[in-house]
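Asker: Let me begin by handing over the structure; questions about it come next.
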Amino acid sequence: MPILPVLILAAIVVGAVGLIVYALAKGGDDDPLQARLNEYGARNQVVSLEEIELSLPFTDRVVRPAIRSFSALVARFTPNQTLESTQHKLDLAGNPNNWTPTEFWGIRLVATAALGGMSFLIFSVTHQPIARVLGLTVLMVLTGFFLPVLWLNGKIRRRQDDIVKALPDALDLLTVCVEAGLGFDAALAKVNEKWDNELALAFGRVLQEVRLGKLRREALRDMSNRMEVGDVTTFVAAIIQAEQLGVSIAKVLRIQSDQMRIRRRQRAEEKAQKAPVKILFPMVLLIFPSLFIVLLGPAALTVKNSGVLGIFGGG
């Protein structure tokens, strides 16, 4: 049997697992209990909680509870070090959908089982040789196991890029606020109030931890560890050192702001220098062949029809 239908079916399976992950990721930041209570209070007529439960999406009624149950089983056999490493990666990604490490591992195993089982059935029905069926099934199993990890790594990179881009402007606002007479905590609150990005949310979490009794330097260090961004680490180290040595924070913020803007300009220049090298391969593989066909194609047809090739024994 041709391999093309098999590849199409495999692509359908991969797309199905991707849709499951997307459905789990969509709207995961909202509290489902609060959403149900709000819906119950907004209704004019008296309805039962069972009707409200049935009105929820399929992912909230079936998929999420199933994954939570499966995750509780997985947690018993997963080492604590692995769970801690997964929690650190979830923190780096900004805790997407408020997933716990066990839930994330549950999603990985569910995707692995779904891709492995469905691909084995599909490849078996197509009457492929057993060696090919096992090989393709193993490939699909590995794809299902590592697909959530690739998605999480992408979230981490995007979050770190957003933080790097927002940091110079945030430092400018912090500098203006501190020089205007506000304290450092009040300046962080202003950034959290004015903006809605990953850095502002991180500042808001620092303020909440400080209100709960954590030392400010410890809260800032924890924020830096949850980001693993070099510029943030430098900024936090400068603030902590200024606080310990009694140096003016406004002066430190002004210096840090200037340095961050210089680094941002240097990063932009670095990307501009890399652009010609990155665009070379698409040009050679895609643009140049098309260009040669457009330019030399009519000339080649003209030469062929003119009979010049007959002199050299050509058709």
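The values are calculated or read from the model by the stated rules, or taken from the named source; none is laboratory data. Just so you know, these numbers come straight off a predicted model, no measurement behind them. Here Cβ is always computed from backbone atoms with ideal geometry, including for glycine, and neighbour counts include all displayed protein chains.
Asker: With (1) buried (at least 19 other Cβ atoms within 10 Å of the Cβ); (2) more than 13 Å from Leu253 (Cβ to Cβ); (3) not basic (Lys, Arg) as the list, and Ala170 as the residue in question, which single condition is left unmet?
Answerer: The number of the failed condition is (2).
Asker: Can you name the residue in the stretch 135-158 that is buried (at least 16 other Cβ atoms within 10 Å of the Cβ) and more than 23 Å from the chain's Cα centre (by Cα) and is also modelled with the lowest pLDDT among such residues?
Answerer: Leu136
Asker: Before we move on, is Met227 outside any helix (DSSP H, G or I), within 27 Å of the chain's Cα centre (by Cα) and surrounded by 19 or more Cβ atoms within 10 Å (Cβ to Cβ)?
Answerer: Judged against the criteria, Met227 is a match.
Asker: Something else: Scanning the stretch 78-88 for residues that are surrounded by fewer than 17 Cβ atoms within 10 Å (Cβ to Cβ) and in a helix (DSSP H, G or I), which turns out modelled with the lowest pLDDT?
Answerer: By that ranking, first place goes to Asn80.
Asker: Next question. Which condition breaks for Val247 when tested against (1) out of contact with any Asp or Glu (no Cβ under 7 Å at 6 or more places or on another chain); (2) modelled with pLDDT of 90 or more; (3) surrounded by 10 or more Cβ atoms within 10 Å (Cβ to Cβ)?
Answerer: (2) is the only condition that Val247 fails.
Asker: Residues to consider are Asp161, Asp91; find the one that is among the charged types (D, E, K, R), loosely packed, with under 14 Cβ neighbours inside 10 Å and part of a helix (DSSP H, G or I).
Answerer: Asp161
Asker: Looking at Ser290, is it of a type outside the set (Phe, Trp, Tyr), part of a helix (DSSP H, G or I), out of contact with any Gly (no Cβ under 9 Å at 6 or more places or on another chain) and surrounded by 11 or more Cβ atoms within 10 Å (Cβ to Cβ)?
Answerer: Judged against the criteria, Ser290 is not a match.
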